[in-house]
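No lab work stands behind these numbers, since they all come straight from the coordinates. Small disclaimer: the values here were computed from a predicted structure and weren't measured. Cβ sites come from the backbone with ideal geometry, for glycine too, and all protein chains shown count toward neighbours.
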């Protein structure tokens, strides 16, 4: 199976099959692994791009509530350009045209992003990431290639086969699942 839309359907189904206490336990473990990984890479708290989960993505709420890092979240403009803006728990959010919560337009943009956490539909052993198909992360990180991209997913989203990968697809430096961190 090499068609991206078929792969997305397969791995989104796998992701949605993780429910209830199993999902909460996995998300807490992922949060702990994110902390340990970032602590191993940065001596002091830095700026980390994160996301607010939609459509069964790994929910980072536990991590967002406890992190000492500065958090920036994505905003998608009407022209499809994604940018990141400062956010802290309790800050107001607005819904974009996709009905996804994002920081207010007047939230400050960071001068630098030290690491980025990206939701995955699937990932493989070579660090290829399959996203939702909009290309927002690939476009942003193609022009910010100095920012290490960390895929966030459940273990069920790990592909045994190498995922389709085009020249414009940005690879991960690591993937974090409930089982730990896989560096590429």
What's the total number of residues in the range 90-101 that are within 28 Å of residue 157 (Cα to Cα) and either part of a strand (DSSP E or B) or touching a helix residue (DSSP H, G or I) at 6+ places or on another chain (Cβ under 7 Å) (or both)? 2
When restricted to 53, 36, 29, the only residue touching a residue at least 60 places away in the same chain (Cβ under 8 Å) and assigned to a loop (DSSP other than H, G, I, E, B) is 53
So, residue 140, is that one at negative phi and touching a helix residue (DSSP H, G or I) at 6+ places or on another chain (Cβ under 8 Å) or not? no
Filter result (closer than 21 Å to residue 43 by Cβ and touching a residue at least 60 places away in the same chain (Cβ under 8 Å)) within the range 65-110: 110
Counting only residues that are within 19 Å of residue 35 (Cα to Cα) and either assigned to a helix (DSSP H, G or I) or within 16 Å of the chain's Cα centre (by Cα) (or both), the range 57-85 contains a total of 16
For the range 84-101, name all the residues that are crowded, with 17+ Cβ neighbours inside 10 Å and in contact with a strand residue (DSSP E or B) (Cβ under 7 Å, 6 or more places away or on another chain). 84, 85, 87
Elements of type strands (runs of 3 or more DSSP E) in the range 102-184, at least 2 residues being surrounded by fewer than 17 Cβ atoms within 10 Å (Cβ to Cβ): 180-183
